[in-house]
Amino acid sequence: MRKKIAAANWKMNLLQNEGKALINQLLATLPPLSEARQVVIAPPFVQLSQAAQLLSGHAHIHAAAQNCATEQSGAYTGEVSAGMVKDAGAAYVIIGHSERREYYQEDNATLVKKSDIALANGLQVIFCCGEPLSIRDEGTQNNYVETQIREGLFHYDAAQLKNIVIAYEPIWAIGTGRTASAAQAQEMHAHIRSVIAGKFGHDAAADMSILYGGSVKAANAKELFSCPDVDGGLVGGASLVAEEFTGIIDAMVNC
Ligand code: 13P
């Protein structure tokens, strides 16, 4: 089912008591959610169980991991498996964030392994794509993102695709305060949807949730989320501030 999602990616921020306080603040002002209007919160691994416990009993607001291992279990010091993420109470896992691709050299083959194992463990995948500034300046962003999607997702079938959400995050807009314009976001999201339609058919494409990420704030969320192919956002900095993220949730619910 195509759903709108406001997803918080806390990245490597907040200590346990801060995370708990933020979740409690969000829960206190949460508007009515539904299967079609969801909130996702991705804290660091060490807060995943705490977050899932705080969110349990609140429908349609889910915990997510920011990453998972390529392997199911074993001698992989420092890694956290998809099974552990699921066991901690998470429903989603973010795969392929540009910070993972860039700082931890995660290529498309690695990301395929991570998505495969996440799906096999019953998690839903938020698959990130997006171009760097040099590609945007060249004007080849559509091809660039299409390749990420082809190499990351085209091996799935339409049934598996139902457990995948795409997040388009232009790297030049992440943490820079330079948001993509609504027109730029809509153009890329429509392109992504047409790429999905070309491979999986129009029904699968119409069903796909495509989130925008990159300097989303309460002040610009409504304009971005009103675009016909933008189904909500994956939010970094602004998700760390209760009033900001609440404003973003409200924009998602009301768009
Ligand atoms: P900002 O919202 O801080 O730009 O980060 C976006 C992001 O990377 C979310 O995953």
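Take the conditions (1) crowded, with 16+ Cβ neighbours inside 10 Å; (2) free of Cβ contacts under 8 Å to residues at least 40 places away in the same chain; (3) aromatic (Phe, Trp, Tyr); residue 92 misses just one of them, which is (2). Could you pull out the residue among 48, 22, 27 that is part of a helix (DSSP H, G or I), within 16 Å of the ligand (Cβ to nearest atom) and either over 22 Å from residue 162 (Cβ atoms) or open to solvent by less than 10 Å² (accessible area, probe 1.4 Å) (or both)? The conditions single out 22. Residues that are within 11 Å of the ligand (Cβ to nearest atom) and not hydrophobic (A, V, I, L, M, F, W, C) are absent from the range 188-195. Just so you know, in the range 155-178 the residues that are charged (D, E, K, R) and near the ligand (Cβ under 10 Å from one of its atoms) include one that is nearest to residue 119 (Cα to Cα), and it is 169.
Let's see how each residue does on (1) part of a helix (DSSP H, G or I); (2) under 20 Å from residue 170 (Cβ atoms):
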residue	(1), (2)
52	yes, no
57	no, no
77	no, no
83	yes, no
114	yes, no
136	yes, yes
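Quick check on my filter: what residues within the range 1-19 are touching a residue at least 60 places away in the same chain (Cβ under 8 Å), within 16 Å of the ligand (Cβ to nearest atom) and hydrophobic (A, V, I, L, M, F, W, C)? Passing the criteria: 5, 6, 7, 8, 10, 14. Among the residues of the range 96-112, those that are open to solvent by less than 30 Å² (accessible area, probe 1.4 Å) and part of a loop (DSSP other than H, G, I, E, B) comprise 96, 97, 106. Among the conditions (1) among the aliphatic types (A, V, I, L, M); (2) within 21 Å of residue 252 (Cα to Cα); (3) more than 16 Å from the ligand (Cβ to nearest atom), residue 64 misses just one, which is (3).
Just for the range 125-140: of the residues that are in contact with a helix residue (DSSP H, G or I) (Cβ under 8 Å, 6 or more places away or on another chain) and farther than 12 Å from residue 66 by Cα, which one is surrounded by the fewest Cβ atoms within 10 Å (Cβ to Cβ)? Result: 133.
The values are calculated or read from the model by the stated rules, or taken from the named source; none is laboratory data. Predicted model, so just to flag it, every value in this text is computed and none were measured. Because the Cβ atoms are built from the backbone with ideal geometry, glycine has one as well, and the counts that use them run over all protein chains shown. Just so you know, the surface numbers come from the protein's heavy atoms only, side chains and all, with ligands and any DNA or RNA stripped out. Shrake-Rupley method; radii C 1.70, N 1.55, O 1.52, S 1.80 Å.
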